[in-house]
Amino acid sequence: MRSFDIAVIGGGASGLAAAINAKRTSPGSSAAIIERLPRTGKKILATGNGRCNLSNVDLSPDNYSGTCKEFIKRTSGFSVTDFFMSLGVICESDSAGRIYPRSHSAASVLDALRLECSRLGVEEICGLEISGIDRNNVSDRMMLAVKASDDIISAKRIILAGGGMSQPALGSNGSLLGICKALGIKTIPAYPALVPLMTDPKLVKPLKGQRADANVVFCANGKGIKSIRGEVQFTDGLVSGICVFDLSHLYELYKNSECELRMDLLPDISRKAVRELLLNLRQIRSYASTDDYLSGIFTRPLGIYVLKRALGNCPELTKDIDDRMIDKTVATLKSLSFPVTGTAGYERSQITGGGIVAEELRENFEFRKIKGLYACGELLDICGQCGGYNLDFAFSSGALAGKSAASDLLGRQ
Ligand SMILES: Cc1cc2nc3c(=O)[nH]c(=O)nc-3n(C[C@H](O)[C@H](O)[C@H](O)COP(=O)(O)OP(=O)(O)OC[C@H]3O[C@@H](n4cnc5c(N)ncnc54)[C@H](O)[C@@H]3O)c2cc1C
């Protein structure tokens, strides 16, 4: 049996930040990270397309959903950029407020975290999957039972940092959610978020590979729930793009309703002005094929698609489009609708919604019911939008959980 003062389960963004901050708070304590993959931090390497969008200048609960969204008021006091500065990583923000390492390299972020763990003497135990927490058979120590080798690791303070279920090849397989449930901890069932949405494949097939700037509204039973402006991308049976990702968590809430995405393909132009534009185009392109009618506004395939969706059978020549057809085309391009039939699942989702509910945790990320046990990161019921919000929460909640566990151990709380 191996024993540590502090054991962090999960060597992702939140676990690495937890271990570093625990050791910085209590350098004399022994700390270990236990990671099921052969190495820590695999997911970090995939973030931000390899550039690691690690935070955002505008951190507020409004950028998050889930029962733990108000935790942002606690974590925003912890500066992720200052933390990285202390690791020797300089950060910079882009015009949209997204914060990246100046190197634009996720590998340099992971290297800095791992170097600090090594400097501080955090032990990395990789290739070991924790299968349960044994609360019996303890005095002032907690026991972790490791199934793979019947190994037992004991620790005085334990931090759960096992992430959600998204992209299991990068490590997160949801096993800690199961362990939490077995401990009687209340969780919201997991669901994929920041994920492409599924639609009728026949409806989207002609648009494969197309992109469009649009205002996208997520509707349930015909009612608009939330709208976001951005670039929409169409692929095999799927609609994606950052704006769709940021709406995708709504599918879980409304999946028992008729869900659809409605897109305004000319969001900056009023209906009246769009009508004028189409009347004018009819004149300019009167002898052109209707296939070319809208190609001055949209890509040719998108223009053809909009007209087909609006009119069904189109006349051959633009001059034969009558005013009634123009009205129908205006209505379609201001509200191009796609039913939402599901999500692309955990394999394609960037984060997992659901998880440990807010009421289970104290201010310092310790479980109310189980003293000495802490949780952080994506394991909690919180979903950030695209833009660095999820990594910020993982690093900052991990850091605070690590500090709390170590302070508690030192008897400071
Ligand atoms: C492709 C992709 C790109 C992304 N890009 C961004 C971005 O640019 N900006 C942003 O803010 N967010 C981004 N995210 C989301 C962000 O990466 C996550 O929210 C964040 O990494 C969560 O950190 P975590 O430590 O909570 O969980 P994870 O990073 O999932 O780490 C959990 C770790 O625990 C280990 N583990 C799980 N169970 C056990 C067990 N039983 N025993 C031992 N070990 C276990 C796992 O192997 C894993 O290494 C992206 C996600 C993906 C998939």
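Connecting C-alpha atoms closer than 10 Å in a GNM of the chain, tell me which of 29, 172, 86 has the biggest fluctuation.
Highest fluctuation of the listed residues: 86.
So what is the 222 nm mean residue ellipticity for the chain from helices alone, if each DSSP H run of at least 4 adds -39500 (n - 2.57) and you divide by all residues, rounding to the nearest 500 deg cm²/dmol?
So the helix-based figure for the chain works out to -9000 deg cm²/dmol.
Where the convex hull is taken over the Cα atoms of the chain, what is its projected area averaged over directions, in nm²?
For the chain, the mean projected area of the Cα convex hull comes to 21.5 nm².
Among the helices of the chain (complete DSSP H runs), which have Cα atoms covering no less than 24 Å along the helix axis and a Kyte-Doolittle mean of at least -0.5?
Flagged H segments are 389-409.
About the Cα centre, and with charges only on the beta carbon of Lys, Arg (+1) and Asp, Glu (-1), how big is the dipole of the chain? Nearest 20 debye, please.
Dipole size: approximately 200 debye.
Among 297, 326, 130, rank each residue by its count of other Cβ atoms within 10 Å, from fewest to most, as a rough exposure measure.
Ascending number of Cβ neighbours within 10 Å: 297, 326, 130.
Once you've got the Cα coordinates, tell me which of 272/308; 208/255; 69/226; 69/371 are over 29 Å apart.
Pairs exceeding the cut-off: none.
Looking at the chain as a GNM with Cα springs under 10 Å, which of 112, 288, 46 has the largest mean-square fluctuation?
Taking springs between Cα atoms under 10 Å, the residue moving most is 288.
Of all DSSP beta bridges in the chain, what percent run antiparallel (nearest 5)?
Bridges in the chain that DSSP calls antiparallel: roughly 75 percent.
Order by neighbour count: 321, 34, 179, fewest other Cβ atoms within 10 Å first, most last.
179, 321, 34
Can you compute the modelled spin-label distance between residue 39 and residue 90, with each label point 7 Å from Cα toward Cβ, in nm?
2.6
Which lysines have a Cα lying under 18 Å from the Cα of residue 73, excluding residues fewer than 8 positions away in the same chain?
403
For 261, 409, what's the fewest-to-most ordering of other Cβ within 10 Å of each Cβ?
Result, fewest neighbours first: 409, 261.
Give the cross-link partners of residue 156 among the aspartates and glutamates, using a straight C-alpha distance below 15 Å as the criterion and excluding same-chain residues fewer than 8 apart.
Straight-line reach from residue 156, under 15 Å: 5, 134, 140, 366, 408.
Given Cα pairs under 8 Å that are at least 6 residues apart, what percent is the relative contact order of the range 196-344?
30 percent.
How high is the FRET efficiency between residue 407 and residue 324 when r is their beta carbon distance and R₀ equals 60 Å, given to the nearest 0.05?
0.25
Mind checking which aspartates and glutamates have their Cα closer than 19 Å to the Cα of residue 202? Skip sequence neighbours fewer than 8 apart in that chain.
236, 258, 260
I need the per residue convex hull volume for the range 196-344, using only the alpha carbons, in cubic angstrom as a whole number.
Convex hull volume per residue, Cα atoms: 100 Å³.
Coordinate-derived values only; no laboratory data. Here the structure is a predicted model, which means the values were calculated and not measured. All Cβ positions, glycine included, derive from the backbone under ideal geometry; neighbour counts span all protein chains shown.
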